[in-house]
């Protein structure tokens, strides 16, 4: 089971066990043994979520699975959170027909039913169905559009000969140290590429506000929360093992492998702090005090 989770094909499992143990196992036997992972995956993927998760990172991974005699596309929706104590936690994975509002709606409802709460920032790409589901389930939370995904969009709208220049100038916008500088660099970007790459300019203007939501946070938190890189690295690990299989025999086997792998990563994450949350907690207190003052002034007026 451990060999399969680590990305060893059933054919190689047979070769290894035969070399080391003098025993041969068929593909069906290996698959049968791997069914023993189901209880572990279920315990991980259905556990109660206690405490608050101020930061939520979500992403989707696409793979192929068999449905009777057909090969169909599937989406694995993965969600991770950062706890109020600054530790990362993989909250779960769901398999859906595609990445759509209905699949994300169901996923978020499932997570909230398990206890997910305290979400203040959601970091994701700009998929329409996903952002619609975020708005529905996390009212009052800020949506941070992944800057890496936005950069990919910008480059896809740019002439090939200008892509390096567009990327360099866009980084000055997205990585600015404050909003004054970000707006100044945005003006430079618009002036520089208004005629030569108008679609890229329109894309950046449209996505600018959501991509800069992270600027509301103290500077120490911005670098790690401006993108879904943390989540994409998980997907890369899943992909490395998925390439060995190529086509899953069914959705259950896909959930088994992905869930077991994510459970292992979650155990590793639990061992160390990801972000020191002291400054964030101080920021929350100051923000609450500011809200109180604003309410008092409003009432007085």
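Being touching a helix residue (DSSP H, G or I) at 6+ places or on another chain (Cβ under 9 Å) and modelled with pLDDT under 95 narrows it down to one of 38, 68, so name that one. Explain how you work it out, then say what you get.
Values: 68 fails: touching a helix residue (DSSP H, G or I) at 6+ places or on another chain (Cβ under 9 Å).
Within the list 38, 68, the selection yields 38.
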For region 81-110, enumerate the residues that are under 17 Å from residue 239 (Cβ atoms) and in contact with a helix residue (DSSP H, G or I) (Cβ under 6 Å, 6 or more places away or on another chain).
90, 93, 95
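Here is a yes/no grid of residues against (1) out of contact with any strand residue (DSSP E or B) (no Cβ under 6 Å at 6 or more places or on another chain); (2) assigned by TED's automatic domain parsing to the domain that holds residue 72:
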| position | (1), (2) |
| --- | --- |
| 220 | yes, no |
| 241 | yes, yes |
| 247 | no, yes |
| 263 | yes, yes |
| 269 | no, yes |
| 276 | yes, yes |
Does residue 152 fit the bill of being more than 21 Å from the chain's Cα centre (by Cα) and more than 23 Å from residue 88 (Cβ to Cβ)?
no
Filter result for the condition that a residue is surrounded by 13 or more Cβ atoms within 10 Å (Cβ to Cβ), touching a strand residue (DSSP E or B) at 6+ places or on another chain (Cβ under 7 Å) and modelled with pLDDT of 95 or more, over 63, 55
55
What about residue 199, is it modelled with pLDDT of 95 or more, farther than 19 Å from residue 56 by Cα, out of contact with any strand residue (DSSP E or B) (no Cβ under 6 Å at 6 or more places or on another chain) and in a loop (DSSP other than H, G, I, E, B)?
no
So is residue 79 surrounded by 14 or more Cβ atoms within 10 Å (Cβ to Cβ), touching a strand residue (DSSP E or B) at 6+ places or on another chain (Cβ under 7 Å) and modelled with pLDDT of 60 or more or not?
yes
For residue 176, are the conditions met, namely being touching a helix residue (DSSP H, G or I) at 6+ places or on another chain (Cβ under 9 Å) and either in a helix (DSSP H, G or I) or outside the structural domain of residue 218 (by TED's automatic domain parsing) (or both)?
no
Of the residues in region 52-75, those that are over 22 Å from the mean Cα position of the chain (by Cα) and not in a strand (DSSP E or B) number 2
Note on region 193-219: residues exposed (fewer than 15 other Cβ atoms within 10 Å of the Cβ), free of Cβ contacts under 8 Å to residues at least 60 places away in the same chain and closer than 17 Å to residue 123 by Cβ are 209, 219
For residue 108, the lone unmet condition from (1) in contact (Cβ under 8 Å) with a residue 60 or more places away in the chain; (2) closer than 23 Å to residue 44 by Cβ; (3) touching a strand residue (DSSP E or B) at 6+ places or on another chain (Cβ under 9 Å) is (1)
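The values are calculated or read from the model by the stated rules, or taken from the named source; none is laboratory data. A quick note: this is a predicted structure, and the numbers were derived from the prediction, not measured. We place every Cβ from the backbone using ideal geometry, glycine too, and count neighbours over all the protein chains shown.
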